Amino acid sequence: MSGHCVQTPFNLKFKMSSFISESLSQMFMNLHPPAALVTLHTYQNGSGFVRKLRVCKSACGGQQARKRKASKVEDGGISKRLKTSDPVPLEDFTRVKRKLLEENNGPRKRLRVCEHEERCVEAIISSLESSEKKKKSTAATSGETSRQAFEAKYQQLNPLGAGGQGCVYAGFRREDHVPVAIKHIPRENVIYESVRKSKKMLPLEVAVMLKMAHGKEDSKSAAISLLDYYDLDQELILVLERPVPAVDLFEYMEVKEGSMQEEESRLILKQLIEAARELQSKKVFHRDIKAENILIETSTDFPRVRVIDFGLSCFSKKSSSYRIFCGTSAHIPPEWYQNKTYRASPTTVWQIGVVLYDLLHWNDRFETTSFLAGEITISKDLSPACQDMLQLCLTKDTALRPSLEELSHHPWLA
(Lines give C-alpha, C1' and ligand atoms only; values in the text may rest on other atoms or scores of the structure.)
Protein backbone atom coordinates (compact mmCIF):
# COMPACT_ATOMS: atom_id res chain seq x y z
CA MET A 1 0.00 0.00 0.00
CA SER A 2 1.76 3.13 1.20
CA GLY A 3 5.42 3.92 0.97
CA HIS A 4 7.22 5.88 3.66
CA CYS A 5 7.80 9.50 4.66
CA VAL A 6 9.89 11.38 7.25
CA GLN A 7 8.06 13.65 9.70
CA THR A 8 9.42 16.37 12.03
CA PRO A 9 8.65 16.28 15.77
CA PHE A 10 7.82 19.37 17.88
CA ASN A 11 9.24 20.53 21.22
CA LEU A 12 7.16 21.26 24.32
CA LYS A 13 6.10 24.59 25.90
CA PHE A 14 4.42 25.07 29.23
CA LYS A 15 2.16 27.83 30.60
CA MET A 16 0.48 28.60 33.89
CA SER A 17 -2.75 30.63 33.71
CA SER A 18 -2.59 34.24 34.93
CA PHE A 19 -5.25 33.83 37.63
CA ILE A 20 -3.02 31.33 39.50
CA SER A 21 -0.10 33.79 39.34
CA GLU A 22 -2.28 36.62 40.68
CA SER A 23 -3.53 34.32 43.47
CA LEU A 24 0.04 33.43 44.42
CA SER A 25 0.98 37.12 44.34
CA GLN A 26 -1.76 37.98 46.80
CA MET A 27 -0.80 35.12 49.12
CA PHE A 28 2.79 36.42 49.45
CA MET A 29 1.97 40.14 49.42
CA ASN A 30 2.33 40.57 53.19
CA LEU A 31 5.38 38.34 53.69
CA HIS A 32 8.79 39.84 54.62
CA PRO A 33 11.66 37.35 54.98
CA PRO A 34 14.75 38.88 56.56
CA ALA A 35 17.19 37.57 53.98
CA ALA A 36 17.30 36.31 50.39
CA LEU A 37 15.85 32.85 50.08
CA VAL A 38 14.96 30.70 47.08
CA THR A 39 12.55 27.78 47.47
CA LEU A 40 12.07 25.15 44.71
CA HIS A 41 8.90 23.06 44.66
CA THR A 42 8.40 20.18 42.20
CA TYR A 43 5.49 17.95 41.41
CA GLN A 44 4.59 15.47 38.68
CA ASN A 45 1.53 16.09 36.55
CA GLY A 46 -0.76 13.45 34.99
CA SER A 47 1.33 13.26 31.81
CA GLY A 48 4.52 12.35 33.64
CA PHE A 49 6.27 15.72 33.24
CA VAL A 50 7.84 17.41 36.26
CA ARG A 51 6.85 21.02 36.81
CA LYS A 52 8.91 23.38 38.96
CA LEU A 53 7.51 26.28 40.94
CA ARG A 54 10.29 28.70 41.97
CA VAL A 55 9.63 31.41 44.60
CA CYS A 56 12.31 34.02 45.37
CA LYS A 57 12.22 36.22 48.49
CA SER A 58 14.39 39.32 48.11
CA ALA A 59 16.79 40.43 50.86
CA CYS A 60 14.95 43.74 51.18
CA GLY A 61 11.84 41.94 52.41
CA GLY A 62 9.97 41.85 49.07
CA GLN A 63 9.02 38.74 47.13
CA GLN A 64 9.13 38.09 43.40
CA ALA A 65 8.25 35.13 41.25
CA ARG A 66 10.91 34.29 38.71
CA LYS A 67 9.81 33.80 35.12
CA ARG A 68 10.77 30.62 33.37
CA LYS A 69 11.44 31.24 29.69
CA ALA A 70 9.17 29.34 27.37
CA SER A 71 11.09 27.12 24.96
CA LYS A 72 11.00 28.18 21.35
CA VAL A 73 9.28 25.81 18.97
CA GLU A 74 11.52 24.58 16.20
CA ASP A 75 9.30 23.47 13.36
CA GLY A 76 11.97 22.71 10.80
CA GLY A 77 10.19 24.99 8.32
CA ILE A 78 6.91 23.08 8.47
CA SER A 79 4.24 25.32 9.90
CA LYS A 80 1.05 23.59 9.01
CA ARG A 81 1.84 20.03 9.79
CA LEU A 82 1.71 18.52 13.17
CA LYS A 83 3.05 15.13 14.10
CA THR A 84 0.51 13.82 16.57
CA SER A 85 2.83 11.35 18.29
CA ASP A 86 4.28 14.40 20.07
CA PRO A 87 2.39 15.69 23.14
CA VAL A 88 0.10 18.59 22.39
CA PRO A 89 2.04 21.82 23.25
CA LEU A 90 0.70 23.53 26.34
CA GLU A 91 0.56 27.28 26.72
CA ASP A 92 3.59 29.32 27.85
CA PHE A 93 4.42 29.14 31.56
CA THR A 94 4.34 32.79 32.77
CA ARG A 95 4.22 34.66 36.03
CA VAL A 96 3.19 38.17 37.06
CA LYS A 97 5.84 40.19 38.83
CA ARG A 98 5.01 41.05 42.38
CA LYS A 99 5.35 44.53 43.85
CA LEU A 100 8.01 45.06 46.48
CA LEU A 101 6.61 45.72 49.98
CA GLU A 102 7.27 48.87 51.95
CA GLU A 103 10.22 48.59 54.35
CA ASN A 104 8.24 49.94 57.34
CA ASN A 105 5.93 46.94 57.47
CA GLY A 106 8.65 45.01 59.25
CA PRO A 107 9.81 41.38 58.72
CA ARG A 108 7.93 38.40 60.08
CA LYS A 109 9.34 35.18 61.48
CA ARG A 110 10.93 32.94 58.83
CA LEU A 111 9.29 29.87 60.29
CA ARG A 112 5.83 31.33 59.87
CA VAL A 113 6.68 32.54 56.38
CA CYS A 114 7.86 29.08 55.35
CA GLU A 115 4.82 27.36 56.84
CA HIS A 116 2.47 29.76 55.12
CA GLU A 117 4.38 29.44 51.85
CA GLU A 118 4.22 25.65 51.93
CA ARG A 119 0.46 25.71 52.43
CA CYS A 120 0.04 28.14 49.53
CA VAL A 121 2.22 26.14 47.15
CA GLU A 122 0.58 22.85 48.08
CA ALA A 123 -2.85 24.37 47.43
CA ILE A 124 -1.77 25.59 43.96
CA ILE A 125 -0.12 22.28 43.05
CA SER A 126 -3.22 20.40 44.17
CA SER A 127 -5.37 22.71 42.01
CA LEU A 128 -3.14 22.17 38.95
CA GLU A 129 -3.10 18.38 39.30
CA SER A 130 -6.86 18.30 39.70
CA SER A 131 -7.33 20.43 36.57
CA GLU A 132 -5.01 18.23 34.47
CA LYS A 133 -6.64 15.01 35.63
CA LYS A 134 -10.02 16.47 34.66
CA LYS A 135 -8.76 17.41 31.17
CA LYS A 136 -7.24 13.96 30.66
CA SER A 137 -10.44 12.28 31.81
CA THR A 138 -12.53 14.46 29.49
CA ALA A 139 -10.30 13.64 26.48
CA ALA A 140 -10.43 9.91 27.24
CA THR A 141 -14.21 10.04 27.59
CA SER A 142 -14.52 11.90 24.27
CA GLY A 143 -12.31 9.34 22.48
CA GLU A 144 -14.25 6.42 23.94
CA THR A 145 -17.53 8.02 22.89
CA SER A 146 -16.26 8.43 19.31
CA ARG A 147 -15.13 4.80 19.18
CA GLN A 148 -18.51 3.63 20.43
CA ALA A 149 -20.18 5.78 17.76
CA PHE A 150 -17.99 4.14 15.09
CA GLU A 151 -18.74 0.61 16.32
CA ALA A 152 -22.46 1.35 16.50
CA LYS A 153 -22.51 2.54 12.88
CA TYR A 154 -20.10 0.14 11.16
CA GLN A 155 -19.21 -3.55 11.35
CA GLN A 156 -15.57 -4.40 10.74
CA LEU A 157 -14.69 -7.66 8.99
CA ASN A 158 -11.55 -9.28 7.54
CA PRO A 159 -8.31 -7.41 6.76
CA LEU A 160 -7.78 -6.28 3.17
CA GLY A 161 -4.18 -5.14 3.39
CA ALA A 162 -1.52 -3.29 5.35
CA GLY A 163 1.13 -0.72 4.55
CA GLY A 164 3.51 1.80 6.05
CA GLN A 165 0.70 4.14 7.07
CA GLY A 166 -1.92 1.74 8.46
CA CYS A 167 -4.14 -1.31 8.03
CA VAL A 168 -7.34 -1.61 5.95
CA TYR A 169 -10.28 -3.89 6.75
CA ALA A 170 -13.43 -4.81 4.88
CA GLY A 171 -16.69 -3.85 6.57
CA PHE A 172 -20.22 -2.61 6.05
CA ARG A 173 -22.56 0.08 7.32
CA ARG A 174 -25.04 -1.52 9.72
CA GLU A 175 -27.99 0.61 8.67
CA ASP A 176 -28.12 -0.43 5.00
CA HIS A 177 -25.26 -3.00 4.64
CA VAL A 178 -23.35 -0.77 2.20
CA PRO A 179 -19.82 -2.23 1.85
CA VAL A 180 -17.02 -0.02 3.19
CA ALA A 181 -13.27 -0.13 3.68
CA ILE A 182 -12.10 0.79 7.19
CA LYS A 183 -8.59 2.19 7.46
CA HIS A 184 -6.83 2.37 10.86
CA ILE A 185 -3.90 4.81 11.03
CA PRO A 186 -1.77 4.93 14.21
CA ARG A 187 -1.64 8.36 15.84
CA GLU A 188 2.10 8.74 15.19
CA ASN A 189 1.52 8.42 11.41
CA VAL A 190 -1.12 11.15 11.20
CA ILE A 191 -0.12 14.50 9.70
CA TYR A 192 -2.38 17.52 10.14
CA GLU A 193 -3.30 20.35 7.77
CA SER A 194 -4.71 23.77 8.67
CA VAL A 195 -7.96 24.58 6.85
CA ARG A 196 -7.73 28.23 5.82
CA LYS A 197 -11.33 29.34 6.22
CA SER A 198 -12.12 27.75 9.56
CA LYS A 199 -8.48 27.58 10.79
CA LYS A 200 -9.31 24.07 11.98
CA MET A 201 -6.64 21.36 12.00
CA LEU A 202 -7.68 18.32 9.95
CA PRO A 203 -5.78 15.10 9.27
CA LEU A 204 -4.07 15.76 5.93
CA GLU A 205 -5.45 12.61 4.32
CA VAL A 206 -8.97 13.69 5.34
CA ALA A 207 -8.40 17.22 3.99
CA VAL A 208 -7.17 15.84 0.65
CA MET A 209 -10.11 13.46 0.23
CA LEU A 210 -12.62 16.18 1.13
CA LYS A 211 -10.97 18.40 -1.48
CA MET A 212 -11.24 15.63 -4.06
CA ALA A 213 -14.95 15.17 -3.33
CA HIS A 214 -15.77 18.90 -3.55
CA GLY A 215 -17.61 19.85 -6.74
CA LYS A 216 -17.31 16.41 -8.31
CA GLU A 217 -20.00 13.82 -8.87
CA ASP A 218 -19.13 10.53 -7.15
CA SER A 219 -20.06 8.56 -10.27
CA LYS A 220 -17.40 10.42 -12.28
CA SER A 221 -14.64 10.71 -9.73
CA ALA A 222 -11.67 8.38 -10.02
CA ALA A 223 -10.70 8.91 -6.38
CA ILE A 224 -12.29 6.67 -3.76
CA SER A 225 -14.73 8.66 -1.60
CA LEU A 226 -14.36 9.31 2.11
CA LEU A 227 -17.62 8.40 3.87
CA ASP A 228 -16.71 9.06 7.52
CA TYR A 229 -13.75 9.57 9.84
CA TYR A 230 -13.09 9.30 13.58
CA ASP A 231 -10.10 11.12 15.09
CA LEU A 232 -9.48 9.11 18.26
CA ASP A 233 -6.82 9.29 20.98
CA GLN A 234 -4.67 6.42 19.70
CA GLU A 235 -5.59 6.33 16.01
CA LEU A 236 -7.43 7.86 13.08
CA ILE A 237 -10.18 5.73 11.50
CA LEU A 238 -11.23 6.43 7.91
CA VAL A 239 -14.38 4.86 6.50
CA LEU A 240 -14.02 4.67 2.73
CA GLU A 241 -16.08 3.67 -0.27
CA ARG A 242 -15.48 0.01 -1.21
CA PRO A 243 -16.54 -0.95 -4.74
CA VAL A 244 -17.63 -4.59 -5.06
CA PRO A 245 -16.42 -6.55 -6.96
CA ALA A 246 -12.97 -4.96 -7.30
CA VAL A 247 -9.28 -5.84 -6.95
CA ASP A 248 -6.13 -3.75 -7.06
CA LEU A 249 -4.26 -3.61 -10.36
CA PHE A 250 -1.43 -5.81 -9.11
CA GLU A 251 -3.88 -8.62 -8.27
CA TYR A 252 -5.69 -7.96 -11.54
CA MET A 253 -2.43 -8.61 -13.44
CA GLU A 254 -1.78 -11.75 -11.39
CA VAL A 255 -5.16 -13.12 -12.48
CA LYS A 256 -4.13 -12.47 -16.09
CA GLU A 257 -1.02 -14.59 -15.40
CA GLY A 258 1.37 -12.40 -17.34
CA SER A 259 1.79 -9.22 -19.31
CA MET A 260 -1.43 -7.60 -20.49
CA GLN A 261 -2.28 -6.88 -24.09
CA GLU A 262 -1.84 -3.34 -25.38
CA GLU A 263 -5.59 -2.82 -25.89
CA GLU A 264 -6.55 -3.46 -22.29
CA SER A 265 -3.48 -1.58 -21.02
CA ARG A 266 -4.59 1.41 -23.14
CA LEU A 267 -8.04 1.44 -21.50
CA ILE A 268 -6.50 1.43 -18.04
CA LEU A 269 -3.87 4.06 -18.82
CA LYS A 270 -6.34 6.50 -20.40
CA GLN A 271 -8.38 6.44 -17.20
CA LEU A 272 -5.28 6.73 -15.02
CA ILE A 273 -4.11 9.83 -16.89
CA GLU A 274 -7.55 11.41 -16.49
CA ALA A 275 -7.48 10.55 -12.79
CA ALA A 276 -4.06 12.19 -12.46
CA ARG A 277 -5.34 15.31 -14.23
CA GLU A 278 -8.29 15.40 -11.83
CA LEU A 279 -5.86 15.29 -8.89
CA GLN A 280 -3.76 18.03 -10.47
CA SER A 281 -6.81 20.28 -10.98
CA LYS A 282 -7.50 19.98 -7.24
CA LYS A 283 -3.81 20.73 -6.51
CA VAL A 284 -3.37 17.28 -4.98
CA PHE A 285 -0.08 15.38 -5.36
CA HIS A 286 -0.66 11.66 -4.70
CA ARG A 287 3.08 10.83 -4.60
CA ASP A 288 2.65 7.04 -4.72
CA ILE A 289 0.78 6.08 -7.89
CA LYS A 290 1.49 2.38 -8.54
CA ALA A 291 -0.37 -0.84 -9.35
CA GLU A 292 -1.09 -1.57 -5.67
CA ASN A 293 -2.79 1.83 -5.25
CA ILE A 294 -5.05 1.51 -8.30
CA LEU A 295 -8.33 -0.29 -7.79
CA ILE A 296 -10.02 -1.99 -10.75
CA GLU A 297 -13.79 -2.35 -10.68
CA THR A 298 -14.74 -5.52 -12.52
CA SER A 299 -18.54 -5.22 -12.46
CA THR A 300 -18.71 -3.44 -15.84
CA ASP A 301 -17.84 -4.55 -19.38
CA PHE A 302 -14.49 -2.77 -19.19
CA PRO A 303 -12.23 -2.27 -16.15
CA ARG A 304 -12.92 1.00 -14.32
CA VAL A 305 -9.95 2.68 -12.59
CA ARG A 306 -10.21 4.06 -9.04
CA VAL A 307 -7.29 5.68 -7.20
CA ILE A 308 -6.85 4.68 -3.56
CA ASP A 309 -4.53 5.32 -0.57
CA PHE A 310 -3.94 9.06 -0.14
CA GLY A 311 -1.84 8.47 2.97
CA LEU A 312 1.27 10.14 1.49
CA SER A 313 -0.53 12.77 -0.58
CA CYS A 314 -0.27 16.51 -0.07
CA PHE A 315 -1.45 19.79 -1.55
CA SER A 316 0.92 21.14 -4.17
CA LYS A 317 1.49 24.25 -6.28
CA LYS A 318 2.88 24.17 -9.80
CA SER A 319 6.20 25.59 -8.64
CA SER A 320 6.48 23.39 -5.52
CA SER A 321 9.55 21.17 -5.22
CA TYR A 322 10.34 18.50 -2.63
CA ARG A 323 13.55 17.20 -1.09
CA ILE A 324 12.31 14.37 1.13
CA PHE A 325 10.97 11.56 -1.05
CA CYS A 326 7.66 10.05 0.03
CA GLY A 327 6.53 6.99 -1.85
CA THR A 328 7.85 3.67 -3.11
CA SER A 329 11.65 3.69 -3.26
CA ALA A 330 11.75 1.50 -6.38
CA HIS A 331 9.89 4.23 -8.29
CA ILE A 332 11.94 7.30 -7.29
CA PRO A 333 12.24 9.60 -10.36
CA PRO A 334 15.77 10.08 -11.75
CA GLU A 335 15.78 13.84 -10.98
CA TRP A 336 15.83 13.05 -7.27
CA TYR A 337 19.01 11.00 -7.72
CA GLN A 338 20.53 13.82 -9.77
CA ASN A 339 19.46 16.93 -7.82
CA LYS A 340 17.84 15.58 -4.62
CA THR A 341 14.64 17.41 -5.59
CA TYR A 342 11.47 16.48 -7.47
CA ARG A 343 8.20 18.13 -8.50
CA ALA A 344 4.60 16.93 -8.60
CA SER A 345 3.71 16.85 -12.32
CA PRO A 346 6.94 15.29 -13.74
CA THR A 347 6.96 12.72 -10.92
CA THR A 348 3.33 11.77 -11.60
CA VAL A 349 4.12 11.29 -15.31
CA TRP A 350 7.11 9.13 -14.36
CA GLN A 351 4.94 6.97 -12.09
CA ILE A 352 2.31 6.57 -14.82
CA GLY A 353 5.12 5.32 -17.07
CA VAL A 354 6.10 2.84 -14.34
CA VAL A 355 2.52 1.51 -14.19
CA LEU A 356 2.41 1.08 -17.98
CA TYR A 357 5.80 -0.65 -17.95
CA ASP A 358 4.59 -3.13 -15.29
CA LEU A 359 1.40 -3.80 -17.27
CA LEU A 360 3.39 -4.75 -20.37
CA HIS A 361 6.48 -6.36 -18.75
CA TRP A 362 5.17 -8.73 -16.09
CA ASN A 363 8.43 -10.66 -15.76
CA ASP A 364 10.55 -7.51 -15.28
CA ARG A 365 9.08 -5.42 -12.49
CA PHE A 366 10.23 -1.83 -12.82
CA GLU A 367 12.95 -0.33 -10.64
CA THR A 368 14.38 3.11 -11.41
CA THR A 369 18.01 2.20 -10.69
CA SER A 370 17.81 -0.92 -12.88
CA PHE A 371 16.21 1.09 -15.71
CA LEU A 372 18.84 3.85 -15.52
CA ALA A 373 21.60 1.23 -15.53
CA GLY A 374 20.12 -0.43 -18.64
CA GLU A 375 19.44 -3.69 -16.80
CA ILE A 376 15.77 -3.58 -17.87
CA THR A 377 14.58 -2.12 -21.18
CA ILE A 378 11.37 -1.40 -23.09
CA SER A 379 10.30 -4.45 -25.10
CA LYS A 380 10.79 -4.22 -28.87
CA ASP A 381 7.73 -6.47 -29.32
CA LEU A 382 5.42 -3.56 -28.49
CA SER A 383 3.98 -1.32 -31.18
CA PRO A 384 6.10 1.74 -32.12
CA ALA A 385 3.43 4.09 -30.68
CA CYS A 386 3.38 2.19 -27.38
CA GLN A 387 7.19 2.22 -27.17
CA ASP A 388 7.17 5.96 -27.80
CA MET A 389 4.57 6.45 -25.05
CA LEU A 390 6.79 4.59 -22.56
CA GLN A 391 9.95 6.40 -23.64
CA LEU A 392 8.29 9.79 -23.15
CA CYS A 393 6.97 8.93 -19.68
CA LEU A 394 10.32 7.50 -18.62
CA THR A 395 12.47 10.30 -20.03
CA LYS A 396 15.30 11.10 -17.62
CA ASP A 397 15.30 14.84 -18.36
CA THR A 398 12.22 16.51 -16.81
CA ALA A 399 12.40 19.30 -19.41
CA LEU A 400 11.73 16.72 -22.13
CA ARG A 401 9.18 14.72 -20.16
CA PRO A 402 5.63 15.62 -21.33
CA SER A 403 2.95 17.17 -19.10
CA LEU A 404 -0.18 15.21 -18.21
CA GLU A 405 -2.19 17.18 -20.75
CA GLU A 406 0.34 16.50 -23.52
CA LEU A 407 0.40 12.85 -22.53
CA SER A 408 -3.40 12.62 -22.84
CA HIS A 409 -3.13 13.57 -26.55
CA HIS A 410 -0.56 10.91 -27.42
CA PRO A 411 -1.48 8.92 -30.59
CA TRP A 412 -1.25 5.58 -28.74
CA LEU A 413 -4.25 6.58 -26.60
CA ALA A 414 -6.40 7.56 -29.59
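Annotations
- Sequentially through region 389-400, phi angles give Karplus couplings (6.51, -1.76, 1.60; θ = phi - 60°) of 4, 5, 4, 5, 4, 9, 5, 5, 7, 5, 5, 9 Hz, Gly and Pro residues having no value and appearing as x.
- Probe 1.4 Å, all protein chains present, accessible-area order of S345, S321, largest first: S321, S345
- Taking every alpha-carbon pair in region 213-319 and binning the separations at 5 Å intervals from zero gives 2, 10, 20, 24, 19, 13, 8, 3, 1, 0 percent.
- Hydrodynamic radius by Kirkwood, which averages 1/r over all alpha carbon pairs of region 325-414, in angstrom: 13.4 Å
- Full extension of the segment from E375 to V255, taken as 0.36 nm per residue of separation minus the current Cα-Cα distance, would add 40.5 nm.
- Between K340 and C167, the simple spin-label model (points 7 angstrom out along Cα→Cβ) gives 3.8 nm.
- For region 245-379, the Rg and Dmax computed from alpha carbons only, in angstrom: 14.8, 45
- Normalised contact order of region 240-305, rounded percent, pairs of Cα under 8 Å and 6 or more residues apart: 54 percent
- FRET efficiency, 1/(1 + (r/R0)^6) with R0 30 Å, evaluated for S403 and D176 via beta carbons: 0.10
- Two-site label geometry, K153 and K396: point separation in nm, points 7 Å out along Cα→Cβ: 5.2 nm
- Ellipsoid equivalent to region 209-273 - semi-axes via the Cα gyration tensor, in Å: 30, 17, 9
- Each label point was placed 7 Å from the Cα along the Cα-to-Cβ direction; for T298 and L413 their separation is 2.6 nm.
- Where N is the number of residues in region 143-242, Cα Rg divided by 2.2 N^0.38 Å: 1.08
The values are calculated or read from the model by the stated rules, or taken from the named source; none is laboratory data. Predicted, not measured: the structure shown is a model, and the values here were computed from it. Here Cβ is always computed from backbone atoms with ideal geometry, including for glycine, and neighbour counts include all displayed protein chains. For accessibility, only protein heavy atoms count, side chains too; no ligands or nucleic acids. Shrake-Rupley method; radii C 1.70, N 1.55, O 1.52, S 1.80 Å.
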